[in-house]
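The values are calculated or read from the model by the stated rules, or taken from the named source; none is laboratory data. Computed from a prediction, not measured in an experiment: that's the story for all the values here. All Cβ positions, glycine included, derive from the backbone under ideal geometry; neighbour counts span all protein chains shown.
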Amino acid sequence: MSPNCPKVSIFLLTGDGPYSVVIPIIPNSFFKQLWGLKVLNLSRSNLRELPDSISDLVNLRALLLRCCWELCRVPYLGKLASLRKLDVFSCTELEEIKGLEMLVELRYLDIGYTRIKRVPEGALGALRKLQYLRVEAVNEEDIVRLCGLEALGCEFEDVDDFNKLVRLVNKQSNNPRYYKLHLDSKQWLEHRDVVGPFRNSERSVPIEMETMSYAIVRAGRESSGSGSGSGSGICILIPQNVRTLSMTNCDGATNLSDMGLLENLETLIIGKWKNLRVLSGRQDEEIINLHDSPTPTPAPFLFLSLGDLTIYSCLRLKYLFGHGPKFYLPHLRRMKIVSCKERNCGYNSSSNITITASAPSLP
């Protein structure tokens, strides 16, 4: 049974907010006479499988199945020659998409937070027009072939796989232009409701490890021999042009000096670092007071563009700025320090600290 509506171009049947729309089983032939469809949106539905007649929608340009948490089967898509957008984000039971390598017009592909751990070898490389890609893991060779890729989102559990992609992003300064590289050792399905698509202007690296003894080092600097704050010789690499960096449970670091120059970094969030004692400089020397220090002399700036700094639950943090070159933050607008018991940052109060600056820079 198929409705005889060949001129219908948009078919929408989606859930509202976090709730799924209950859809009865769709007959296999339902879309047979809807060959004029260009947009099919069944996002947030309770469907377990899609009807086979979707394979014949040769004019379809967008297939949107976002957050269909029970979906486990999608029919062969190789005949959808006009398809430009395929979104199956957070279809947490979906294990396979057949015919993906045939979708040569595809510009947008989101298969993040599914059971598709890795796209079959060579499949992504065939999608030369791809501009937006979100996937759990990728082959380096495939990314190199995607010359038009502008936005890349990946989730990793393995540090080595994460570092390989960071090196690639670092090497290709304009490809991709934007990225979100998420390293998380915890069960990723726990985050399916809160993790969404990244913004077009985003260059962010969230790192959430249960326990981590690695050093945090800017890509290209891992073999420079700087390792005074490292707990081991193994590093987690950070792209040089990162804008937002969030790191939790980095137990191997005692300060941020080893990270090197991150001149584009705008937001830095540090949480639950067991051994963090000072942000920059040596902790056993005289403390530099933010308010009383003279205008800094020229020195290497680690975070020249930093505007927002948050530090929480770093119980051994004693000093923000230790002995050495002054830690100059000309664009800092907001600094928040929460639950850092040993803190001695030029303030007598033992309570939490939030500073918001309205001036162009802090002295």
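Quick rundown of the values:
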quantity: Selection count, segment 119-149, where residues are surrounded by 15 or more Cβ atoms within 10 Å (Cβ to Cβ), among the charged types (D, E, K, R) and modelled with pLDDT under 90; calculated: 3
quantity: Qualifying position, being modelled with pLDDT of 85 or more, closer than 20 Å to Ile207 by Cα and surrounded by 17 or more Cβ atoms within 10 Å (Cβ to Cβ), among Leu302, Leu268, Leu332; calculated: Leu268
quantity: Filter pass, Val159 being touching a Leu at 6+ places or on another chain (Cβ under 9 Å), more than 23 Å from Glu266 (Cβ to Cβ), modelled with pLDDT of 80 or more and crowded, with 17+ Cβ neighbours inside 10 Å; calculated: yes
quantity: Candidates Arg177, Arg167, Arg134, Arg115 - the one that is without any contact (Cβ under 8 Å) to a residue 40 or more places away in the chain, of a type outside the set (A, V, I, L, M, F, W, C) and touching a strand residue (DSSP E or B) at 6+ places or on another chain (Cβ under 8 Å); calculated: Arg177
quantity: Top-ranked residue of segment 271-299 - restricted to ones that are assigned to a loop (DSSP other than H, G, I, E, B) and crowded, with 21+ Cβ neighbours inside 10 Å, ranked as modelled with the highest pLDDT; calculated: Trp273
quantity: Boolean, Arg316 is among the charged types (D, E, K, R), touching a Lys or Arg at 6+ places or on another chain (Cβ under 7 Å) and modelled with pLDDT of 60 or more; calculated: yes
quantity: Members of segment 62-78 found to be out of contact with any strand residue (DSSP E or B) (no Cβ under 6 Å at 6 or more places or on another chain) and under 21 Å from Gly15 (Cα atoms), listed by number; calculated: Leu65, Cys67, Trp69, Glu70, Leu71, Cys72, Val74
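This table checks each residue for (1) charged (D, E, K, R); (2) at pLDDT below 80; (3) under 15 Å from the mean Cα position of the chain (by Cα); (4) not in a strand (DSSP E or B).
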| position | (1), (2), (3), (4) |
| --- | --- |
| Val166 | no, no, yes, yes |
| Tyr179 | no, no, yes, no |
| Gly225 | no, yes, no, yes |
| Ser228 | no, yes, no, yes |
| Ser232 | no, yes, no, yes |
